[in-house]
1. Does A:SER236 count as surrounded by 19 or more Cβ atoms within 10 Å (Cβ to Cβ), in contact (Cβ under 8 Å) with a residue 12 or more places away in the chain and out of contact with any strand residue (DSSP E or B) (no Cβ under 8 Å at 6 or more places or on another chain)?
2. Could you tell me whether segment A:282-290 includes any residue that is within 14 Å of chain B (Cβ to nearest Cβ) and at pLDDT 80 or above?
3. If we scan segment B:76-98, do we find a residue that is out of contact with any helix residue (DSSP H, G or I) (no Cβ under 7 Å at 6 or more places or on another chain), surrounded by 23 or more Cβ atoms within 10 Å (Cβ to Cβ), assigned to a loop (DSSP other than H, G, I, E, B) and not small (Gly, Ala, Ser)?
4. Out of all the residues in segment A:144-179, which are in a loop (DSSP other than H, G, I, E, B) and touching a helix residue (DSSP H, G or I) at 6+ places or on another chain (Cβ under 9 Å)?
5. Examine segment B:244-252 for a residue that is modelled with pLDDT of 90 or more and either farther than 30 Å from B:VAL342 by Cβ or surrounded by fewer than 19 Cβ atoms within 10 Å (Cβ to Cβ) (or both), and state whether such a residue exists.
6. If A:ALA30 meets every condition in (1) surrounded by 19 or more Cβ atoms within 10 Å (Cβ to Cβ); (2) in contact with a Pro (Cβ under 7 Å, 6 or more places away or on another chain) apart from one, which number is that one?
7. Looking only at strands (runs of 3 or more DSSP E) that fall completely inside segment A:1-84, which ones have 1 or more residues that are in contact with an Asp or Glu (Cβ under 7 Å, 6 or more places away or on another chain)?
Amino acid sequence: MLGNQSSLTLYLLPLVQRLVPVFLPGQYRARLLCRQWQTADMLQLSFKVSGRWPGFVPGQHLLLTLQHQGRYISRTFSICSPLSLWQSQQQIQLCCKINRAGEFTPLLNQLKNGAVVNISTAQGDFCWPQPATAAVFVAAGSGITPVASMLLSQRHGLAPVSLFYRCRGSENAALLSKLQQLAERQPLFSLTLSDSRTEPAETLQQRLISNSHAKQFYLCGPAAFMQHMRMALTNSGVSATQIRQEQFGLAIAAPAEHSAAGMPLSASFIRAGISTQVKLNPQQSLLQSAEQHGLAPSFGCRMGVCFQCVCDKVSGQVRDMRSGALSGHGAEQIQLCVSQPLTELVIKL
Amino acid sequence: MKLTTEQFTALAHELDSVKQQVQQQLGDADARYIRRVLLTQRLSALSGRILMVLGFITPWLWLLGVLLLALAKILDNMEIGHNVLHGQYDWMNDPVLHSKRYEWDIACDAGSWQRTHNFEHHTYTNIIGKDRDFGYGLLRLSNDFRWRLRNLWQGGTYLLLSMLFQWGVSYHELAAQRVFFGKKKADRHSQVSDSELKKAFFGKGARQLIKDYVFFPLIAGPMWLWVLCGNLLANLLRNLWTSTVIFCGHFTKEVYVFSAAECEGESRGQWYYRQMLGSSNFTGPTWLHILTGHLSCQIEHHLFPDIPARHYPAMAKQVQAIAAKYAIPYNTGSFLRQYSTVFLRIMRYSLPGGSKAVKAL
């Protein structure tokens, strides 16, 4: 109250940041130890994490924040290292897919050793309950990261576990050597590579179905891949409660048939009291559309995890790009980064 | 004087490209600048409040403290608060400097300010009857308004308004909505209910009063009266300064006004045109620009309200060249010259009659 900010930390932030340049309230500092290419486009980053960081459950992800050209930008990444590495040395590793045309991930490759970044607490409920029960893991592409952390964190392999790892050949399989070492050490762990260039998805589905007596399935990968796998499993009698999944990236499906075909949509964004009329691209998130028109809503992970871009929708209907769920037509809060427009909208930024 | 439709389109195009050039280079330098201003503001606020208590050593320390606190309040009000609340720094995605989160050290609630100032004043600039910032419903500034007896002493009203400016700003929206006095106007629609308005007004106002006149005096112990008076003086200095700057932006001699009818369905070019005619600049050294929150470049601010203000002086050169090209009057002058015309205007229209303000379109 004294500084007209919501907390004293925010009031003193300019002073604190003068002393500790990367300090951000609510975030933790992590120092880069080394970078290492796992494959041609998967970069593994090892961080020494601040002692105040409360730790993680294998399978969880965190928000990594960088300052680039005066601007805070963040993305979500899953932790790929075992729990023991953090417990013994306060280190974590992230395995990040570098999209060379993107805004964020190329910056990761430019970080110097010793650079300090901000990380959030670990989040997410894609976890493997302990003590471990029999389970089948299916990972595709960068979806291997949380799965690797779960598997590598096992001290004693007492339950039969199999991993189906789908990738474009073994040279594009990140973290493969560690998993192979684990398979040699643990007789109850079986690792199966599924090469997407030679093996059709149906074959993998068949192999999964033959495993459907397994207690629990864990799926992680691109949205379309997971939809296929999930469908095959449920069709063969696996109940939905037996399947846990973590989606990487958004399923940007064509706009639902609800919106009249070809009708251009628009939205009024009310920001700082002023209403701006914006033409919407129904294929894009509202966040992207708003940014392209020079508006700058606050944002974080851009994939529906961190809730920094939550805004009040006054009217209109949107579609959740992750699940396809439709919103109501009235006033409610929405996340701009995962909402596609279906009708004309009025939104308070 | 009136431009053709093609000229308006070309004008909009040229001004848009001035804006775009700056938008493309926003980055580290802007972030560093506003953080440095924020740091200066915090340091002067903290040291000002401490020095006031040290006034028992020599009153000069108290005076220095008052001036530093006034400086902090002016920076917070103008270069930081006003500009951040316009969304000039939203692109930084910063936890403090975002229009959605920032709250400033004045009596007016940030949300209420965004509705009345950012929306009403910036959209309907100098449209008689729509922009209540033209005279604030208290002063008669042109013969477009009927003379009333109370206008006779509006010189005094103006002085009082300037001294209590933050409270005037804070009450502005409640006055428009006739929350306490007057008959509701049928054509006014508010985004928020009267009870929310009252809550924001009393809540923010009480917090400010408690902070400056109860909490800080209390923790100063035996120096409580010095601190209380010092805070009062710092607030007064800030009020006088902001009021003066803002009056120079729209009420100078050659400023134009508009009627609601002529602005109906205006194009982007016409909107730009109206913003240029309805505002006035004043010149001065860099420190003066910073203390005004760059509202010394009121014309550029009205053309590009969401561009970080430190770019306005450079943009002003381009805007002035464009204005000359289209023969649009560009109202600028020294601070003293501009302010004296404001003062004369207030005095002239305290008496009946006078000329109508220059109609533009």
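1. no
2. Yes.
3. yes
4. A:SER153, A:GLN154, A:ARG155, A:GLY157, A:ARG168, A:ALA173, A:ALA174, A:LEU175
5. Yes, the conditions are met somewhere in segment B:244-252.
6. The single condition A:ALA30 does not satisfy is (2).
7. Fully inside segment A:1-84 and qualifying: A:71-78.
Here is a yes/no grid of residues against (1) within 22 Å of B:ASP306 (Cα to Cα); (2) in a strand (DSSP E or B):
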site: B:LYS253; (1), (2): no, no
site: B:PHE258; (1), (2): no, yes
site: B:GLU262; (1), (2): no, no
site: B:GLU266; (1), (2): yes, no
site: B:TRP271; (1), (2): yes, no
site: B:GLN275; (1), (2): yes, no
site: B:ILE290; (1), (2): yes, no
site: B:GLY293; (1), (2): yes, no
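The values are calculated or read from the model by the stated rules, or taken from the named source; none is laboratory data. Keep in mind that this is a model prediction, so the values were computed, not measured. Virtual Cβ from ideal backbone geometry, glycine too; neighbours counted across all protein chains shown.
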